[in-house]
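This report concerns only the one structure given below.
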């Protein structure tokens, strides 16, 4: 009983800290991280995925609380053909911000590229319920699903098929 006031004060302090850090999740990134993010996006646009990843990882080291960096890292991983790694980054972004439309759409597109169309359709249904049919992220995922798995996946699956004589 004599520790009850201290425990209550400590829990109140922790609750306030958690709410403050959660409230800051939508804030702008640290200015140093913003420069690195801009460099990473420029590298990604230029087709230099590894340079982009390096810049995004440096930005993440500067500002680990800025969730959109994970979406950028996922896009760079997809550009390198690493859909599994991209899905991991998208899921990290979604764990931090469950309503992140870009992460839901990006994860769905990476799932399509891996051939997991049913899981991608679940992401599409989630997007449609959250932001509607005309939302740019919904349209992008619908387009990816309509296009189907990447041709590389189809070629790789042909290797596993038995040869017919």
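Laboratory data are not the source of any read-out in this text; all were calculated from the coordinates shown. The model shown is predicted, which means the values in this text are computed figures rather than measured ones. As a convention, Cβ positions derive from the backbone with ideal geometry for all residues, glycine included, and neighbour counts pool all protein chains shown.
Sorting 147, 41 on the 10 Å Cβ count, fewest up front, what's the list?
147, 41
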Q: Could you rank the peptides 131-144, 51-64 by their average count of other C-beta atoms within 10 Å per residue, with the highest value first?
A: 51-64, 131-144
Q. Under a plain spin-label model, where a point goes 7 Å from the Cα along Cα-to-Cβ, how far apart in nm are residue 65 and residue 50?
A. 3.4
Q: Among 109, 67, rank each residue by its count of other Cβ atoms within 10 Å, from fewest to most, as a rough exposure measure.
A: 67, 109
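Taking the convex hull of the Cα atoms, report for the range 33-162 its projected area averaged over all directions, in nm².
8.3
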